[in-house]
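Quick note: the coordinates plus some simple rules give every number you see, no bench work behind them. All values reported here derive from a predicted model rather than from experimental measurement. Methodologically, a virtual Cβ is constructed for each residue, glycine included, from the backbone with ideal geometry; neighbour enumeration extends over all protein chains shown.
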Amino acid sequence: GGAALAKDIHKDIVNVSHRGASAYAPEHTIASYDMGEKLHGDYIEIDLQMTKDGHLIAMHDVTLDRTTNGTGSVKDYTLNEIKQLDAGSWFNEKYPYASKAEYEGLKVPTLEEVFKKFGKNNSYYIETKSPDVYPGMEKELLRLVDKYKINKEKLLVQSFSSQSLKVMNELDPSIKLVQLISYKANAEITEAEIKEIKQYAMGIGPNHTYLNEEYVQKVVNSGLELHPYTVNDKERMKQLINWGVTGMFTNHPDLLHDVKKGR
Ligand code: G3P
Ligand code: CA
């Protein structure tokens, strides 16, 4: 019947732990990625920055200030210097109700460490952040994907930069790509834009705020995946699923898991 069908569809909604389960643990730490798995996230979302000595690290901002006790640009520090920093205490201070003593002193992980810890058959959703600041980051990402024999079927690479995605596509056409978009007002997309994106990407990741059913239907009917970010309440999750999205980014993978279970 209809209810069973709806349930089957919901089962396939991709649950992306945004910066890990970042509502519950400091974003982009191993603790946060662990929590994402525990709370039924399908993918671990990882934002990449690059150190002065060329290591890819998991961090959202180009600067250290918000998520560590350091200051200044990531690109001006070596990995060894960044490894001295505390990437957990800020979370305890900012979110006392979610704080845990074990978050104090957590380290910034490298992408290499994440691959080692979570393995080649995990599902990673990796964003090249500020590729203009870090020439060569796509090549280094691919080097590590190959070094750790990451299962490319389960890997997605995302970026706001179509340039960065096109570089990825040129270097390795087998990598699946998602074009991120940030809408500032009512989301609209033309058939020409969809066609252009389909030349290199298999999906679109828009901010969810300004989406509407027509947009969702248009993108999904074109054959592209549609993974809005960052959706943190169950009513909005349900609405987006009813409109037809194929997955979403959330700081609360447990809530999306509940919604998928019909709870
Ligand atoms: O990657 C999806 C979403 O995370 C994009 O925004 O700023 O959180 O990386 P941001
Ligand atoms: Ca991101």
Qualifying residue in segment 130-146 (condition: closer than 25 Å to residue 228 by Cβ, surrounded by 19 or more Cβ atoms within 10 Å (Cβ to Cβ) and among the β-branched types (Val, Ile, Thr)):
no
Residue hits (segment 39-52; away from ligand 2 (no atom under 16 Å from the Cβ) and either touching a Phe, Trp or Tyr at 6+ places or on another chain (Cβ under 9 Å) or under 17 Å from residue 107 (Cα atoms) (or both)) are 39, 51, 52
Of the residues in segment 10-53, those that are assigned to a helix (DSSP H, G or I), in contact (Cβ under 8 Å) with a residue 24 or more places away in the chain and of a type in the set (A, V, I, L, M, F, W, C) come to 30, 31
Which ones in segment 149-167 are in contact with an Asp or Glu (Cβ under 6 Å, 6 or more places away or on another chain) and more than 23 Å from residue 17 (Cα to Cα)?
167
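Yes/no per residue for (1) surrounded by fewer than 16 Cβ atoms within 10 Å (Cβ to Cβ); (2) in contact with a helix residue (DSSP H, G or I) (Cβ under 9 Å, 6 or more places away or on another chain); (3) under 28 Å from residue 164 (Cα atoms):
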| site | (1), (2), (3) |
| --- | --- |
| 14 | no, no, yes |
| 46 | no, yes, yes |
| 85 | no, no, no |
| 96 | yes, no, no |
| 101 | yes, yes, no |
Under 8 Å between Cβ atoms, at least 6 apart or on separate chains: pull out the pairs that start in segment 89-118 with a residue that is under 12 Å from residue 68 (Cβ atoms) and end on any residue that is of a type in the set (Gly, Ala, Ser) and part of a helix (DSSP H, G or I).
91/98; 105/89; 106/31
Can you tell me which residue within segment 214-230, out of those that are buried (at least 17 other Cβ atoms within 10 Å of the Cβ) and assigned to a loop (DSSP other than H, G, I, E, B), is nearest to ligand 1 (Cβ to nearest atom)?
230
Restricting attention to segment 242-261, report how many residues are surrounded by fewer than 21 Cβ atoms within 10 Å (Cβ to Cβ), in contact (Cβ under 8 Å) with a residue 60 or more places away in the chain and farther than 26 Å from residue 98 by Cα.
1
Which listed residue is surrounded by fewer than 19 Cβ atoms within 10 Å (Cβ to Cβ), of a type outside the set (Asp, Glu) and over 23 Å from residue 36 (Cβ atoms), from 197, 189
189
Need a quick list: helices (runs of 4 or more DSSP H) entirely within segment 66-126 having at least 1 residues that are among the charged types (D, E, K, R) and under 28 Å from residue 40 (Cβ atoms).
89-94, 111-118
If we keep just the residues of segment 207-217 that are in contact with a helix residue (DSSP H, G or I) (Cβ under 8 Å, 6 or more places away or on another chain) and under 24 Å from residue 127 (Cβ atoms), which is farthest from ligand 2 (Cβ to nearest atom)?
216
Inside segment 125-157, can you point out the residues that are among the hydroxyl-bearing types (Ser, Thr, Tyr), more than 13 Å from residue 177 (Cβ to Cβ) and within 16 Å of ligand 1 (Cβ to nearest atom)?
130, 134
Look at segment 172-186 and say how many of its residues are assigned to a loop (DSSP other than H, G, I, E, B) and either within 13 Å of ligand 1 (Cβ to nearest atom) or surrounded by 12 or more Cβ atoms within 10 Å (Cβ to Cβ) (or both).
4
Filter pass, residue 207 being in contact with a Pro (Cβ under 9 Å, 6 or more places away or on another chain) and not β-branched (Val, Ile, Thr):
yes
